[in-house]
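J.: Submitted below is the structure of interest, expressed as structure tokens.
The values are calculated or read from the model by the stated rules, or taken from the named source; none is laboratory data. Source: prediction; values computed, not measured. We place every Cβ from the backbone using ideal geometry, glycine too, and count neighbours over all the protein chains shown. SASA here: full protein model, heavy atoms, side chains in, ligands and nucleic acids out. Shrake-Rupley method; radii C 1.70, N 1.55, O 1.52, S 1.80 Å.
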Amino acid sequence: MVENRSESYVQGPVLSRREALLAGAGTVALAALPSQSTAATGSPAKEVSPMTLTMTVNGELHVLTIDPRQSILDVLRETLDLTGTKKGCNQGACGACTVLVDGKRIVSCLTLACMHDGARIETIEGLEKDGVLHPLQEAFVAHEGLQCGFCTPGQIMSGVGCIAEGHAGSTDEIRFWMSGNICRCGAYPGIVAAVADAAGRD
Amino acid sequence: MLPFTMEKPESAEAAIAAAAGGARYIAGGTTLVDLMREEVERPERLVDINALPLGGIRVEGDDLVIGALARMSEVAADRNVQRLQPLIAESLIEGASPQLRNMASMGGNMLQRVRCPYFRMLDAGCNKRTPGSGCAAIDGLNAGHAILGTSEHCVATHPSDVAVALVALDATMRVRGPEGERSFPIEELFRLPGDTPHLEHTLLPGELIVELRVPGGPYSRRARYLKVRDRASYEFALVSAAAALSVEGGVIREARLAVGGVGTRPWRLRDCEAALVGKRLERPAFEAAAHLATQGARPLQHNHFKVELLPRTIVRALEMAGEVA
């Protein structure tokens, strides 16, 4: 009766992996938070004063009230629900969280949002225009510049920055100037080819 | 991350007053935010100095002047930096990643904390993080650690690349504090660990880095930075060397040499420099000088290779500098 089982899977409510995680995680997160903030330090948590700021994300202006500890990555993912930008290492080592801030590629995990009032941020969600992929997105598809895809939004945003900086003139140059983005699947040949291709189209 | 308050003063005076009262400056945040998340750093007050007029790069006579808030990428791409002090540009490009270079300020680069894994491991002994708790690196995984300037309390290397170039080039730093301004050689910023490895620099409470000044010399153009590391890019140095030479008629008139990845601070090699002066620009002179670099070296269990790699790196860097047209 394998067939029936697979049918019941298909016919059930269609949840994305993220929706399923969110549905299940709420109570756990609430219970875990307070103990985490005191256990690591042994001292009681101090009061946090929220801060209000504005950010233009992919052309849309947002007025946000945030915890000063939130990184731009956290604001994008948790506050604005723009989960295309990925949290890899969360310590500035992998590049998965790369976005453009005021036109420059940065790692959003090490960037406190409260230090960027008024900033203009571009993320992977903003590249597609009117249903048409950005040339670098197209090139990643054409050259298979990914395997699992987790690092891909960071790779593409970094590639957009790399091309804009004029550092995509040769394969060697691309490899050097894309070195801040780690791909654990090892899709580097496709990534480099995609950046070179998109740079050539500009 | 523990809670903190963020202040954004509009004047240097206000920022200095806050810092003198115990607040920490933050510019790019690439070191501090990371270590705050790990709770290695636990500041209760931060002062965002990015709105202060401490950026920019300018030329004054023979000097190159770099604002403390200039970003690494901005300095590396600057035409005057590339023209007058290519060593600065090259050492910057060899450091960190493009993203981090867009974020990190030059002042913050000087004050970045060590990359010893035990420093950020809260359950390991680290005299730098927790004075008196011991040094887990001395008998631990220490392939990346220092062989020069170490003590029985700390063996961590200073991680900056551009600081090595700045120290080689006799750069100075101007700081402003509650008592006014002062300037001093950047080399004097960095303390040896001794028995107080938690004290890393010589800035006084509240002092704010204003700018870095690099004097021009006859060796400034014939200068190269060589970084040897486990991968071709985006990795800290196992050994690095900044070499600058002034040459007339095939004879070395002046030399500047500093190394990274091997010392507890950016390591100037004045004995090696002196040994090069008056010699022909040839490999035997480079090898004789490089041989002096490991005097007093104290290798650990896993970093003996640096005793051999250091002179080889110096010889190659001198060759590269000599090849500059």
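J.: Going by alpha carbons, how many degrees (0 to 90, nearest 10) lie between the helix axis of B:305-323 and the longest principal axis of chain B?
T.: Result, in degrees: 70.
J.: Which percent of the Cα-Cα distances in region A:65-202 go past 19 Å? Don't skip to the end; give the middle numbers.
T.: Details: 4354 of 9453 pairs.
Looking at region A:65-202, the distances longer than 19 Å represent 46 percent of pairs.
J.: Threshold 20 Å², probe 1.4 Å: give the residues of region B:1-39, in number order, that are less accessible with all protein chains present than with their chain alone.
T.: Checking the loss per residue gives B:1, B:2, B:3, B:4, B:6, B:8, B:33, B:34, B:37, B:39.
J.: Which of the peptides B:199-209, B:181-191 is most tightly packed, and how do the rest follow, judged by the mean count of other Cβ atoms within 10 Å per residue?
T.: Packing proxy ranking, top to bottom: B:199-209, B:181-191.
J.: Would you mind computing, in nm to one decimal, how far apart the modelled labels at residue B:122 and residue A:184 are, each placed 7 Å from Cα along Cα→Cβ?
T.: In this crude spin-label approximation the distance works out to 2.3 nm.
J.: D for the protein assembly as shown, whole µm²/s, Stokes-Einstein with Kirkwood Rh over alpha-carbon pairs at 20 °C and 1.002 mPa s: what number?
T.: 86
J.: Now for a different question. Quick check: pseudo-label points 7 Å beyond the Cα along Cα→Cβ at residue B:45 and residue B:12, how many nm apart are they?
T.: For residue B:45 paired with residue B:12, the spin-label model returns 2.0 nm.
J.: Rank-order A:56-62, A:155-161 by packing density, defined as the average count of other C-beta atoms within 10 Å over each peptide's residues, highest first.
T.: Working: A:56-62: 13.3, A:155-161: 28.0.
Top of the packing list down: A:155-161, A:56-62.
J.: Say each of residue B:115 and residue B:143 gets a label point 7 Å from the Cα, pointing the same way as Cα to Cβ; how far apart are those two points in nm?
T.: Rounded to a tenth, the inter-label distance reads 1.4 nm.
J.: Taking Cα centroids, how far is region B:171-228 from region A:109-125 in Å?
T.: 31
J.: Moving to a separate point now. Sort chain B into rounded, prolate or oblate with this rule: let a ≥ b ≥ c be the square roots of the eigenvalues of the Cα gyration tensor; rounded if a/c is under 1.5, and if a/c is not under 1.5, prolate when a/b is larger than b/c, oblate otherwise.
T.: oblate
J.: In debye, nearest 20, what is the charge dipole magnitude of the protein assembly as shown about its Cα centre with +1 on Lys and Arg Cβ and -1 on Asp and Glu Cβ, if you could check?
T.: Result for the protein assembly as shown is approximately 1040 debye, rounded to the nearest 20.
J.: A further question follows. For each pair in A:104/B:8; A:86/A:129; A:104/A:129; B:8/B:128, compute the distance between the two Cα atoms and list the pairs where it is over 24 Å.
T.: B:8/B:128, as the Cα separations exceed 24 Å there.
J.: For a Förster distance of 25 Å, can you work out the FRET efficiency between the beta-carbons of residue B:274 and residue B:248, rounded to the nearest 0.05?
T.: 0.90
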